[in-house]
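Colleague: Attaching a single structure in structure tokens format; questions to follow.
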Amino acid sequence: MMLGVKDDLKRLQRRMERISGFLKSAERKRYEDPNINNWVVELKDVMYDADDIIDRCMIEGRILLEKSSIHISGTKIEEDTQSLVESLVKEDNKKYRILGIVGMGGIGKTTLASNIYNHETIKNNFPMRVWVCVSKDFEEIKLLKDIIRSAGGKYGEAETKEELTRCLCSVLSKRFFIILDDVWEMDVWEDLLRIPFENAKANGKIVITTRDTDVARKMRADIHYVKKMDNDGGWEMLRKKISGDDDEEEEEISRLKEIGVQIVEKCDGLPLAIKVIAGVLRSKERSNLEWNKVLKSEVWSMSELDKELPGALFLSYEDLSSDLKQCFLYCSLFPEDSPLKREDLIRYWVAEGFVRSTQGNTLMEDVAEDYHRELIRRNILQPCNKWRGLSDQAGNYCKMHDLLRSLALFLTRDESIFLGDEQSPNTNPLSKLRRLSMVNAGERLEVPDVIKQQKCLRTLLVWSNYKTKMMIKNELFESLRFLRVMDLRDAGLENLPDSVGDLLHLRYLNVFCTDIKKLPESIGCLVNLQILNLAYCTSLHALPKAITKLCNLRWLRLEGTPLTHMPKGLGKSEHLNHLQGFVTGHDDRRDAQNDEGCDLKELQSLSQLRFLEINRLERTEPAGAPVLANSSFLRTLILNCEQPEDEEKAIAIQRIDKIYSELSPKSTHLQRLEINEFFGTGFPSWMMSPALNVSFPNLTNIRLFNCKSCPQLPPLGLLPQLKSLSIVRADAIKTIGPEFLGPRASSAATSFPKLEVLMLTGMKNWKEWSFGAIKTIGPEFLGPRASSAATSFPKLEELKFRWMDNWEEWSFGMVEGVGEERRGAPKLLPHLKELFLIGCRKLRALPPLGLLPQLKSLYIKEADAIETVGPEFLGPRASSAATSFPKLEELHFEDMENWKEWSFGMVEGGGEERRGAPKLLPHLMKLKLAYCPKLRALPQGLRHATNLQELYIAGVNNLKEINNLPSLKSLVIKDWSRLEHVENLDKLQLLRVRLPDSIETSTTDGDGQRERLPQWLWELLQNAPAAMQNLQKFKLTCSLLLLKTFLKDGPNWPIIQPIPQVEIKQHWHPDRSSSYVRYTKDPPTFEANVVESEESVD
């Protein structure tokens, strides 16, 4: 460490801020003149170097507190250190003695203090050493807590100044040596720290660093002044940094001493500033003219943009703030057209330093989320409507348009490179690459030599093929010592080399879903590490103890990684705001001699938590106090445990009840709660509270999974913001009563006022809902006051019942033809859009779902007890103006083994539909009937579904005809052997048929040599040119013998010739290649591949 480094760093930071502002205002001008552009590039290099140096010095300052072997150069500072140490260890009768190290900013006060702090003599004489940074705008409470914590003490629930002062007095029980770094005001001593030090149980020495001599004097400190580097010394440093060991170069530079000294004067003698300016001058011509440009130039210009990039894109970029520009440009490091995960972007931006530090309770991650939203709002990033087919993940992903990505690549061509992408532009040879994104790095991770030689890479993203094994050599990290972001996710990586600990600037390390087996202990050296992703590393079973040294860790993911335990001490990472997969206890306590694993007490000090997931709660012990009392900003809480062995179950149940009672979240910000595999006697009291709405006013998402032993559900209807509720395998629940709605059920208040999604799954003993008859979900489900202004579930949009083994009846409590009840119907689930009834095998009848005014999708599957779907399914229609299923678009019936009749209300004994039938299903577009083997006929009223366009029928063997569906555009028929007649399909465009494979479906002609099409299909195709004039495509799956009849010399060739597109293929079999015939009418093409087999000669 150089003399005067701390205040010099602050001065350099201020100068860098001014330069940064200058660069921001000149971005547009830089492109107008290539020479100026090169100068800007170099100046940006200087800023990066300065940032790295500042970072390095801050790291070194922290390392000095831990290591005694750090060598600080400079004879004067070493002499001062020795003299001051000898003075401090002298015995005296005073309670405490204060040494004040005084000097201007950047002069080396903290460097000298660090040298003293780590001196072996100090370590040997003072059992308690504490270092705290006070700073100008200190907070009293935080400072007291910092001192107590650094001294090894605990302050528990103490929050006031008086409480913490008393705590500090008791903590100072050993001879202490305390450094108060960067003291600005006398108040910190007189009003805060003097009394606890005077009343301490032990005596000791205090060292302060300050710029203000009066502060030291008022504290009655012995004063030692630190002086700045003079101009001669500064010039000597500048000259040597530019010339290196080249004597001729040194002589040439010496002629520029006059202007060089002026540059040193601008740096105020700060060694670090002189070094980075030397980096600029090193590449310049050795002339007064060029050096004066560095000193005084304020001219910036702008060159012409790439002609392929519209100017409007650049205008949209120019309108962004400086921080948003950096965030936008960073997106170019992702492969083209790949989804960008919101969480990844936020973590990258924070790690790169694009997000400014915040005050108060707002995290940098929160600010980054605002940036993400703003980029989407400006249409620079495009949200994904679906991700891997899941609409509920859409909000987590976005994309960048390829032209915007090209713009970003163009603007970052001097700093970033994407390897493996053809759009990547060539880099400026004068620039230094800071960011590298690589696709398919191969078996050994190699960084191009040109980048390794520059030794200034800050970001390394590797998009790997998981199947490819990857190895990293120790030497690689020697050339990447300024790396801040390293993402190796999905790589076939088994080990990280020990040298990863040399990456002292590293903020982000991601080895998600790799084969890594062990992390080196050197990971504890990564004192700047903020983000560590170890999720789904299925070969990783233990973490190094050194992981507890990551004092700046903000985000840790461990879910899906089979850790036996976690080392104690994680609670020291007080900046943690995201902890996912925290494991309590140890897999085998007999093997836990050195470390029994973490307990819940580790979490008590993590006051910044926003996301917390705890695993294996059955292995820990009660903490004896509330665990999450300090986590007042918690937004997500996931609690997981595993079912105990039978012989330990009774004790385990008592223990788990106590544990969960201590896990009460004290955060009114809580938005998501998951309870998984809980086996206690009932949900904890904090979940059953009648004041649930007060405790959790912002809770929006709840999932209760496999809580088999809880006999009663919490009063979740009280939660004012609850939007999604999933209850899975709650085996002990037999009745859902009014307590589920909450104690307001008898008042005018609405239960579940914001609930949009409700999923009940696998509740095998559930029989009764609220006040209705046993085994009935009655009108109370829709609200105990269905006829009043207040209802339950007024916003529900998606409702799923799945595998409810004992549920027999669902009634809306309405009598057909009674107008009063019907008039209340619009209040019944007025916003429901999707309804799923799956695996409810004892449900005997369907309620009048046709009354639901907004229902768009209805799925009914495995309802084995239903034999008839009659007019009650539509609901009572007192007048012909009523419409059943007014908004339904999709209707699915699947695996209904005993379903025989489907009627829309035929008059008994007559042949005409009842009045009002024409208003059935006016918006139905898709109907699916699959494997309902006893269904005899489609309802005649289906012809009134005038918008029906898709019909899918499979395995409905008792149906014999399809007709009177004039609006149908797509017809799919599979595994249907008894179909006899299909007609009136005037608008059909796609016909897809799969004939049964296992039974005889066709006949042979007189000589028995070939198969024929089923009669209904032959007639349909034969009449296609006249009856199906819109038919565009015919697809058939059949036997090989039948396929041959469609060859050009076959009997069925003429009937497919008029069809624009035909595809016929043989039934698939794993032991053979399938034959096929493909034909298009325009342009005329014919392709056939007939593979003879034993089947073909039968």
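The values are calculated or read from the model by the stated rules, or taken from the named source; none is laboratory data. Note that the structure is a prediction, hence the values are computed from the model and not measured. Virtual Cβ from ideal backbone geometry, glycine too; neighbours counted across all protein chains shown.
Colleague: Among the numbered conditions (1) buried (at least 18 other Cβ atoms within 10 Å of the Cβ); (2) over 41 Å from the mean Cα position of the chain (by Cα); (3) without any contact (Cβ under 8 Å) to a residue 40 or more places away in the chain, tell me where Leu929 comes up short.
Modeller: Leu929 satisfies all of (1) buried (at least 18 other Cβ atoms within 10 Å of the Cβ); (2) over 41 Å from the mean Cα position of the chain (by Cα); (3) without any contact (Cβ under 8 Å) to a residue 40 or more places away in the chain except (2).
Colleague: Check region 710-730 and report whether any residue there is part of a loop (DSSP other than H, G, I, E, B), in contact with a Gly (Cβ under 6 Å, 6 or more places away or on another chain) and surrounded by fewer than 21 Cβ atoms within 10 Å (Cβ to Cβ). Step through it out loud before you land on a result.
Modeller: Of all residues in region 710-730, those part of a loop (DSSP other than H, G, I, E, B) come to 710-715, 719-723, 729-730.
Going one step further and asking which of them are in contact with a Gly (Cβ under 6 Å, 6 or more places away or on another chain), we end up with 710, 715, 729.
Going one step further and asking which of them are surrounded by fewer than 21 Cβ atoms within 10 Å (Cβ to Cβ), we end up with 729.
Scanning region 710-730, I find at least one residue that is part of a loop (DSSP other than H, G, I, E, B), in contact with a Gly (Cβ under 6 Å, 6 or more places away or on another chain) and surrounded by fewer than 21 Cβ atoms within 10 Å (Cβ to Cβ), so the answer is yes.
Colleague: Additional query: In region 845-894, how many are in a strand (DSSP E or B) and at pLDDT 90 or above?
Modeller: So the count comes out to 12.
Colleague: (1) surrounded by 13 or more Cβ atoms within 10 Å (Cβ to Cβ); (2) modelled with pLDDT under 70: which one isn't true of Arg342, the others all being true?
Modeller: (2)
Colleague: Checking Leu835 against (1) in a loop (DSSP other than H, G, I, E, B); (2) modelled with pLDDT of 95 or more, only one condition comes out false. Which one?
Modeller: (1)
Colleague: Applying the selection to region 219-244, what residues are farther than 26 Å from Glu86 by Cβ and in contact (Cβ under 8 Å) with a residue 24 or more places away in the chain?
Modeller: Within region 219-244, Asp230, Asn231, Gly233, Gly234, Trp235, Met237, Leu238, Lys241, Ile242 meet the criteria.
Colleague: A further question follows. Quick one: count up the residues across region 186-217 that are out of contact with any strand residue (DSSP E or B) (no Cβ under 9 Å at 6 or more places or on another chain), assigned to a loop (DSSP other than H, G, I, E, B) and among the charged types (D, E, K, R).
Modeller: Of all residues in region 186-217, those out of contact with any strand residue (DSSP E or B) (no Cβ under 9 Å at 6 or more places or on another chain) come to 186-187, 190-192, 194-196, 199, 201, 214.
From the residues that got through so far, the ones that are assigned to a loop (DSSP other than H, G, I, E, B) too are 186, 199, 201.
Then keep just the ones that are among the charged types (D, E, K, R); that gives 201.
Here the count works out to 1.
Colleague: Filter region 122-161 down to residues that are over 36 Å from the mean Cα position of the chain (by Cα), of a type in the set (S, T, N, Q) and modelled with pLDDT under 85, then give me how many there are.
Modeller: Result for region 122-161: 2.
Colleague: Something else: Mind checking which pairs have a first residue in region 1026-1055 that is among the β-branched types (Val, Ile, Thr) and a second that is assigned to a loop (DSSP other than H, G, I, E, B), Cβ under 7 Å, 6 or more apart or different chains?
Modeller: Final answer for the pair search is Thr1037/Leu995; Thr1037/His1067; Thr1045/Arg1010; Thr1045/Pro1051; Thr1045/Asn1052.
Colleague: Here's a follow-up. How many residues does region 455-496 contain that are assigned to a loop (DSSP other than H, G, I, E, B) and touching a strand residue (DSSP E or B) at 6+ places or on another chain (Cβ under 9 Å)?
Modeller: 18
Colleague: For Glu1000, only one of the following conditions fails: (1) modelled with pLDDT under 90; (2) more than 26 Å from Arg936 (Cβ to Cβ). What is its number?
Modeller: Glu1000 satisfies all of (1) modelled with pLDDT under 90; (2) more than 26 Å from Arg936 (Cβ to Cβ) except (2).
Colleague: While we're looking at this one, here's another question. Just one of Ile223, Ile179 is part of a strand (DSSP E or B), buried (at least 20 other Cβ atoms within 10 Å of the Cβ) and of a type outside the set (Asp, Glu); which is it? Even if it seems obvious, please write down each step before you answer.
Modeller: Working: Ile223 fails: buried (at least 20 other Cβ atoms within 10 Å of the Cβ).
On inspection, the qualifying residue turns out to be Ile179.
Colleague: Would you confirm whether any residue within region 522-529 is in contact with a strand residue (DSSP E or B) (Cβ under 7 Å, 6 or more places away or on another chain), crowded, with 17+ Cβ neighbours inside 10 Å and of a type in the set (Val, Ile, Thr)?
Modeller: Restricting attention to region 522-529, the residues satisfying the condition of being in contact with a strand residue (DSSP E or B) (Cβ under 7 Å, 6 or more places away or on another chain) are 529.
Still in the running and crowded, with 17+ Cβ neighbours inside 10 Å: 529.
Filter once more, so that each one left must be of a type in the set (Val, Ile, Thr): none.
No, region 522-529 contains no residue that is in contact with a strand residue (DSSP E or B) (Cβ under 7 Å, 6 or more places away or on another chain), crowded, with 17+ Cβ neighbours inside 10 Å and of a type in the set (Val, Ile, Thr).
Colleague: Of the residues in region 895-911, how many are at pLDDT 50 or above and out of contact with any helix residue (DSSP H, G or I) (no Cβ under 8 Å at 6 or more places or on another chain)?
Modeller: 8
Colleague: Oh, and also: What about Lys109, is it in contact with an Asp or Glu (Cβ under 9 Å, 6 or more places away or on another chain), crowded, with 16+ Cβ neighbours inside 10 Å, at pLDDT below 85 and basic (Lys, Arg)?
Modeller: yes
Colleague: Ok, one more. Having 2 or more residues that are among the charged types (D, E, K, R) is the bar; report the strands (runs of 3 or more DSSP E) wholly within region 609-687 that clear it. Please lay out each step first, then the result.
Modeller: Numbers: elements: 611-615, 636-640, 672-676.
Qualifying strands (runs of 3 or more DSSP E): 672-676.
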